[in-house]
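What follows is a short report on a single structure.
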Amino acid sequence: MDQLARQSIEVPSWAYGNSGTRFKVFGTPGTPRTPEEKIADAAQVHRHTGLAPRVALHYPWDKVDDFAALGRFAEDHGVGLGTINSNTFQNDDYKFGSLTHTDPAIRRQAIDHHLQCIEVMNQTGSQDLKIWLADGTNYPGQGDIRGRQDRLADSLQQIYAQLGEAHRLVLEYKFFEPAFYHTDVPDWGTAFVQTLALGEKASVCLDTGHHAPGTNIEFIVAQLLRLGKLGSFDFNSRFYADDDLIVGAADPFQLFRIMAEVIRGGGLDAENGVVFMLDQCHNVEAKIPGQIRSVLNVQEMTARALLLDHEALAAAQESGDVLGANELYMDAFYTDVRPALAEWRASRGLSENPMAAFARSGYQEGINAARVGGTQASWGA
Ligand code: PSV
Ligand code: MN
């Protein structure tokens, strides 16, 4: 239970805006119009779960004149500001790349965008700059894959050089989309070598939606923790692609296996500095309850993974007891920890059932009535 008490999960500001697919983005009553309203909604998740004390921002989606004031606003609502996510994927100039671009002026612009993000971090007190790039090509021969890696390394180096003492850079990989032939940071290995070259303050962000079907993600977790390069998670769930569904929804067993490796590798220990973040969107379900469900799912699978009897497991593994080892693993996974977690919450002055507590609170009805007019925020600002 001590380990559980230490768990905190960062929620993304964009989860509270409207989202959808290229077919339709549905509007919903009460959707935030401003970064402040997104933060107020995010604060509800923490209020009812005690698990989500920080809100990640996307820049420039969450651009405000005064980020220090935004930080104070968050504090007044009982939360802090977390990771700053850069964005070089929605500007015409970056059609053929950003940090990898062949044109020095466009590459400079993309680097400068990240330096602005660092400025924002100085004002918000954020620790992490998270970089995900849409850079890549669609056709064999379209780009010089090798040259693009070299330019990426140089661009990252220039950004890294401007990080403050307490800052970190996390590089996120994704195996496809929006580029389909090759992606410049497609896998953990590329993110690893690029961040290794930068130095200690750079590490890898693992987004659970960014692998080919069937990939053993817990192996990647184990390896990156072993190498001291697992900086953060972007948690979500996928059935087919980068679906951004509620974490633990598609495959709770996978989430359990990931959390088991996190615990095995000391990833819950503060000194290892792993940041647990959601990167999700809610297309058809209510957003605040969607986020509450998400952080509860992470907590639930963490609690189950904490039940693993590591001594017994090691003994079974070392003696070649294949089925015994597997049974220990499955026993932990199949244990229903919900009653224990309800008690744990009650002991901390939280509601036993955060979903019900939020529904009863009247907050949703309040924002539905109050947030009339203006432009509703969406995944793209
Ligand atoms: C890209 O698919 C990604 O996972 C990156 O983290 C972006 O910042 C985020 O999604 C936007 O939703
Ligand atoms: Mn992500």
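No value in this document is a laboratory result; all are computed from the given coordinates. Please read all numbers here as calculations on a predicted model, not as lab measurements. FYI the Cβ positions are ideal-geometry reconstructions off the backbone, even for glycines, and counts take in every protein chain you see.
May I ask you to derive the FRET efficiency for E119 and V372 from their Cβ-Cβ distance with R0 = 45 Å, giving the value to the nearest 0.05? The pair E119/V372 has a calculated efficiency of 0.85.
When the charge dipole of the range 69-122 is built from unit charges on Cβ atoms (+1 for Lys and Arg, -1 for Asp and Glu) and taken about the Cα centre, the candidate among N122, Q90, G80 whose Cα reaches farthest toward its positive end is Q90.
Modelled spin labels at A270 and A314, positioned 7 Å past Cα toward Cβ, are 2.6 nm from each other.
Dipole size of the chain about its Cα centre, with +1 on Lys/Arg Cβ and -1 on Asp/Glu Cβ: approximately 700 debye, rounded to the nearest 20.
Each residue of the range 317-331 was assigned a 3J(HN,Hα) from its phi angle through the Karplus curve 6.51 cos²θ - 1.76 cosθ + 1.60 (θ = phi - 60°); the sequence is 5, 6, 8, x, 7, 4, 6, x, 5, 5, 5, 4, 4, 5, 4 Hz, with glycine and proline shown as x. Return the whole-Å distance between the Cα centroid of the range 52-127 and the Cα centroid of the range 256-328. The range 52-127 and the range 256-328 have Cα centres spaced 30 Å from each other.
Using the Cβ-Cβ distance between R72 and D336 with R0 = 35 Å, the FRET efficiency computed as 1/(1 + (r/R0)^6) comes to roughly 0.25. Candidate cross-link partners of K63 among the lysines, defined by an alpha-carbon separation under 24 Å and a same-chain spacing of 8 or more, comprise K38, K95, K130, K287. The listed peptides 178-187, 138-147, ordered by packing as a protection proxy, come out as 178-187, 138-147 (highest mean of other Cβ atoms within 10 Å first). Just report the Cα centroid separation between the range 1-36 and the range 168-247, whole Å. So the separation of the two Cα centres works out to 21 Å. Between rounded, prolate and oblate, where does the chain land on the alpha carbon gyration tensor, with a ≥ b ≥ c its root eigenvalues, rounded for a/c under 1.5, else prolate if a/b exceeds b/c? Oblate shape, in that a/c is at least 1.5 and b/c is the bigger or equal ratio. Loop-resident GluC sites (Glu not before Pro) (DSSP state other than H, G, I, E or B) in the range 37-132 with no more than 13 further Cβ atoms inside 10 Å of their Cβ are absent. Taking the DSSP beta bridges with both ends in the chain, the antiparallel portion is around 10 percent. From the square roots a ≥ b ≥ c of the eigenvalues of the alpha-carbon gyration tensor of the range 178-333, which class results: rounded (a/c under 1.5), prolate (a/b over b/c), or oblate? Taking the square roots of the gyration eigenvalues as a ≥ b ≥ c, the range 178-333 is oblate. Only Lys, Arg, Asp and Glu count, each charged at its Cβ (+1, +1, -1, -1), so figure out the dipole size of the range 194-249 about its Cα centre, rounded to 20 debye. With only Lys, Arg, Asp and Glu charged at Cβ, the dipole is about 280 debye. For the peptides 48-57, 317-326, 121-130, the ranking by mean Cβ contacts within 10 Å, running from highest to lowest, is 48-57, 121-130, 317-326. Shape of the range 283-322 from the C-alpha gyration tensor: prolate (a/c of 1.5 or more and a/b above b/c, with a ≥ b ≥ c the square roots of its eigenvalues). Peptides 346-352, 277-283 ranked from most to least packed by the mean count of surrounding Cβ atoms within 10 Å: 277-283, 346-352. The residues neighbouring R168, those whose beta-carbon lies less than 12 Å from its own, together hold a net charge of 0 under the Lys/Arg +1, Asp/Glu -1 convention. Once backbone amide H atoms are built at 1.01 Å from N, F276 has E10, F233 as its partners under 5 Å, excluding neighbours fewer than 5 places away on the same chain. GNM, the chain, Cα, under 10 Å: largest mean-square fluctuation among E311, E36, E343? With Cα springs under 10 Å in the chain, the top fluctuation among E311, E36, E343 is at E311.
Let's test the formula: R0 of 45 Å, r as the Cβ-Cβ distance of L227 and D103. What FRET efficiency results, to the nearest 0.05? Here the calculated transfer efficiency is 0.85. The gain in end-to-end length when the F175 to R22 segment is fully stretched comes to 53.1 nm, 0.36 nm per residue minus the alpha carbon separation.
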